[in-house]
Amino acid sequence: MKYSRIIGTGGYLPEKVVTNDDLSKTLDTNDEWIRTRTGIRQRHVASPEQDTSDLALIASQRALASAGLAADDIDLIVVATTTPDMVFPSTACVLQDKLGINNGSAAFDVQAVCSGFIFALATADRMIVSGMAKNALVVGAETMTRTLDWTDRGTCVLFGDGAGALVLQASETPGVLSSHLHSEGRQRHILNVPGQIRDGKIYRSPFVYMDGGAVFRFAVRVLAESTEEALAHNGLQSADIDWLVPHQANSRIMDATAKKLSVPPEKVISTVAGQANTSAASIPLALDYGARQGCFKPGQLLALTAVGSGFAWGASLVRWG
Ligand code: ACO
């Protein structure tokens, strides 16, 4: 087969909602500051009993239902996460078991933080095109709120938990047109969770550290650049984009990216107000939102682009339907 194609999407957000007003009860912040700087109004937070794989499970079941496939039809699972259930095994292996899949097919995680879903999609796409798999479950799932210092107003207001999934199937008709991935490890100091488990203890901080201004400038530049690279690779222009589906970091980053690409606001999928930044889950959640709202029509061109700590970033162009 020449292509992989999206045939189903699913999403899941934990029940507990924390609004900006809720945060302002324990933190020196307020709804107006958070909304005007980020566009975020609320975030979902996983319950203590929920692991990342539990969020991924519900999103995956919904994606399978929308694709009309059974779990056992899946012969590849790629989970993008930076908040795995445990150090090992991979969250993808846990998910495979929770889905009841026992067909011996491959399941593994990719870790590229907020850009993880683009890396997962690119990996699954190339594995399908090369004949290694026919039906892949590509998942972005995160419990980012567990990496937050809830007394640090500069970071804790930005993130939320959730999972999104899509089913990618081998196809003769175009789906994923191309993906373009990049990393720049020397920028790792501007955004990280430096902690590690060592000798039975947590060594270094287990919380998100961020230089917000540096992240902002880097993000806007590379989101637009990688989208332009993908367009040029396919002989397309930004006017050909029907829907821009950017990583949902915050509305100012998304607005600036859309402006750089000359994509009008009405062609940008935005879920950040209700979900905040769900890291690797944000693009599949946005795709699921767009699909269920009936935004995407068969043959339309979707530009997906994401950036995250590493730094790592990339873009994929997808023909819908
Ligand atoms: N509530 C109230 N005041 C706050 C808050 C808050 N939650 N957070 C910071 N402030 C204060 C600061 O302490 C500072 O006060 P001071 O002037 O007295 O020192 C003031 O607001 C301005 O702070 P800045 O950091 O300059 O605010 P800025 O306008 O740059 O906005 C923000 C900060 C929203 C973090 C911005 O830099 C940004 O969007 N960065 C990108 C970060 C991002 O999206 N990260 C997500 C992870 S990476 C990714 O997904 C790509």
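The values are calculated or read from the model by the stated rules, or taken from the named source; none is laboratory data. No experiment lies behind these values; they were computed from the predicted model shown. Cβ atoms come from the backbone with ideal geometry, glycine included; neighbour counts cover every protein chain shown. Accessible surface areas use protein heavy atoms only, side chains included; no ligands, DNA or RNA. Shrake-Rupley method; radii C 1.70, N 1.55, O 1.52, S 1.80 Å.
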**Prompt:** Under the condition of being open to solvent by 20 Å² or more (accessible area, probe 1.4 Å) and among the aliphatic types (A, V, I, L, M), which residue from the range 170-186 is nearest to residue 123 (Cα to Cα)?
**Reply:** 181
**Complete:** Note on residue 105: of the conditions (1) without any contact (Cβ under 8 Å) to a residue 40 or more places away in the chain; (2) within 16 Å of the ligand (Cβ to nearest atom), unmet is (2)
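Let me confirm something: among 63, 80, which residue is within 30 Å of residue 132 (Cα to Cα), of a type outside the set (Asp, Glu) and away from the ligand (no atom under 16 Å from the Cβ)? Spell out the reasoning first.
Numbers: 80 fails: away from the ligand (no atom under 16 Å from the Cβ).
The unique qualifying residue is 63.
Counting residues that are out of contact with any helix residue (DSSP H, G or I) (no Cβ under 8 Å at 6 or more places or on another chain), at pLDDT 95 or above and open to solvent by less than 10 Å² (accessible area, probe 1.4 Å), which helices (runs of 4 or more DSSP H) fully inside the range 54-169 reach at least 3?
Values: elements: 91-98, 116-129, 153-156.
Because the criterion is at least 3 residues that are out of contact with any helix residue (DSSP H, G or I) (no Cβ under 8 Å at 6 or more places or on another chain), at pLDDT 95 or above and open to solvent by less than 10 Å² (accessible area, probe 1.4 Å), the helices (runs of 4 or more DSSP H) in the range 54-169 that meet it are 116-129.
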**Asked** Going by the structure shown, is residue 189 in a strand (DSSP E or B), open to solvent by 40 Å² or more (accessible area, probe 1.4 Å) and either within 20 Å of residue 307 (Cβ to Cβ) or within 11 Å of the ligand (Cβ to nearest atom) (or both)?
**Response** no
**Request:** Could you tell me which numbered condition residue 38 fails, if it satisfies all but one of (1) buried (at least 20 other Cβ atoms within 10 Å of the Cβ); (2) away from the ligand (no atom under 13 Å from the Cβ)?
**Result:** (2)
**Message:** For the structure I just gave you, tell me whether residue 203 is open to solvent by 40 Å² or more (accessible area, probe 1.4 Å), within 13 Å of the ligand (Cβ to nearest atom) and among the hydroxyl-bearing types (Ser, Thr, Tyr).
**Reply:** no
**Prompt:** Inside the range 1-35, can you point out the residues that are under 16 Å from residue 248 (Cα atoms) and within 12 Å of the ligand (Cβ to nearest atom)?
**Reply:** 34, 35
